[in-house]
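The structure appears below as structure tokens.
The values are calculated or read from the model by the stated rules, or taken from the named source; none is laboratory data. Note that this is a predicted model, so its numbers are computed, not measured. All Cβ positions, even for glycine, are placed from backbone atoms using ideal geometry, and neighbour counts span all protein chains on display.
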Amino acid sequence: MSRRSRARARRGLTLVELIVVLVLLGIVLGVAAPAVTLGRVGEGDGADTIVRMLESSRLTALKQSAQVDVTIDPRTGRVWIRAEAASPRLDTTFTVALPNGATLAAPRPRAQYTFRADGSGWGDTLVVTEGLHSTHVVVEGLTGLARRETTTVAPR
């Protein structure tokens, strides 16, 4: 090894090389971080799924200027979303994928939610239980925003 290359080896990285490494690291983290957070399974995921679905229904009501009705069967996790006046008409049914061991409960056999064209909404309180945590998913009447309230259940 020549004297010049040994001196360079001891000096370390140049500023340009360091910036290139940091940019590449940022790109890798920017791509990998969302994939890791979307794939996580843990407490709160069931409630997050319900809140995201309700928020999506609210946004559909705002975008379509139409009332959107959401019905959830807590026994089966089946969801019906309807917007009669929307263009195109929205009428979909699917089952909410909850983490293993998560359960849903509602004050009636089917939880009902309604979102108006102005974004306001109302509906039942849906309880998502995962392990020792119980989360109440509620819709604020004036804003129509779905939110969660988590409580810890004492072990039996």
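Worth pointing out:
- Which listed residue, of Gly141, Gly119, is modelled with pLDDT under 90, under 26 Å from Gln67 (Cα atoms) and in contact with a helix residue (DSSP H, G or I) (Cβ under 7 Å, 6 or more places away or on another chain): Gly119
- Taking the conditions (1) modelled with pLDDT of 80 or more; (2) surrounded by 17 or more Cβ atoms within 10 Å (Cβ to Cβ) in turn, Ala86 satisfies each one other than (1).
- Qualifying residue in the range 79-87 (condition: within 16 Å of Ile50 (Cβ to Cβ), in contact (Cβ under 8 Å) with a residue 24 or more places away in the chain, in the same structural domain as Thr49 (by TED's automatic domain parsing) and of a type outside the set (Phe, Trp, Tyr)): yes
- Exclusive hit being polar (S, T, N, Q), at pLDDT 70 or above, surrounded by 10 or more Cβ atoms within 10 Å (Cβ to Cβ) and not assigned by TED's automatic domain parsing to the domain that holds Val128, set Thr93, Thr14, Thr71: Thr14
A quick yes/no check of all residues on (1) at positive phi; (2) aromatic (Phe, Trp, Tyr); (3) touching a residue at least 60 places away in the same chain (Cβ under 8 Å):
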{"site": "Val68", "(1), (2), (3)": "no, no, no"}
{"site": "Gln112", "(1), (2), (3)": "no, no, no"}
{"site": "Val137", "(1), (2), (3)": "no, no, yes"}
{"site": "Gly144", "(1), (2), (3)": "yes, no, yes"}
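- Unmet criterion (only one of (1) at pLDDT 80 or above; (2) under 23 Å from Thr129 (Cβ atoms)) for Arg40: (1)
- Within the range 127-148, the set of residues being of a type in the set (D, E, K, R) and part of a strand (DSSP E or B) comprises Glu130, Arg147, Arg148.
- Selection of first residues in the range 89-109 that are among the basic types (Lys, Arg) and of second residues that are in a loop (DSSP other than H, G, I, E, B), restricted to Cβ pairs under 7 Å at least 6 apart or on distinct chains, gives the following pairs, ordered by first then second residue: Arg108/Asp124.
- Test: residue in the range 45-68 that is surrounded by 11 or more Cβ atoms within 10 Å (Cβ to Cβ), modelled with pLDDT under 75 and either closer than 25 Å to His133 by Cβ or under 18 Å from the mean Cα position of the chain (by Cα) (or both): yes
- Tally, over the range 96-113, of residues that are crowded, with 18+ Cβ neighbours inside 10 Å and under 23 Å from Ala66 (Cα atoms): 2
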